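The values are calculated or read from the model by the stated rules, or taken from the named source; none is laboratory data. The shown structure was predicted, so the numbers you read here are calculated from the model rather than taken from an experiment.
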Amino acid sequence: MLAITPAGQLTLRAAGPEVVPEGTLVGDPGGVVRGQVVRVFGPVSRPYLSVRPRRTPSASEGAALLGRTLVRE
């Protein structure tokens, strides 16, 4: 995960050009669903994803998520 926006959305970078459809659930490798893809944007070769979390993470939860990989559920 790259960032958390002021509105509480998570910004991720896709691993490659594969497009993840809006509405797709994403979670951490442990199987915990973190949110839903609401927007795909940026370069076609490796797009960014905007994810609406199930709930807005606290500051410490957000810091723990930064740099972690989220996977398609």
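Can you work out which of the residues in segment 28-51 that are outside any strand (DSSP E or B) and within 12 Å of the chain's Cα centre (by Cα) is farthest from ARG13 (Cα to Cα)? Among those residues, the one meeting the criterion is ASP28.
Quick check on segment 52-67. Is at least one of its residues at pLDDT below 85, on the phi > 0 side of the Ramachandran plot and in a loop (DSSP other than H, G, I, E, B)? Taking every residue of segment 52-67 in turn, at least one turns out to be at pLDDT below 85, on the phi > 0 side of the Ramachandran plot and in a loop (DSSP other than H, G, I, E, B).
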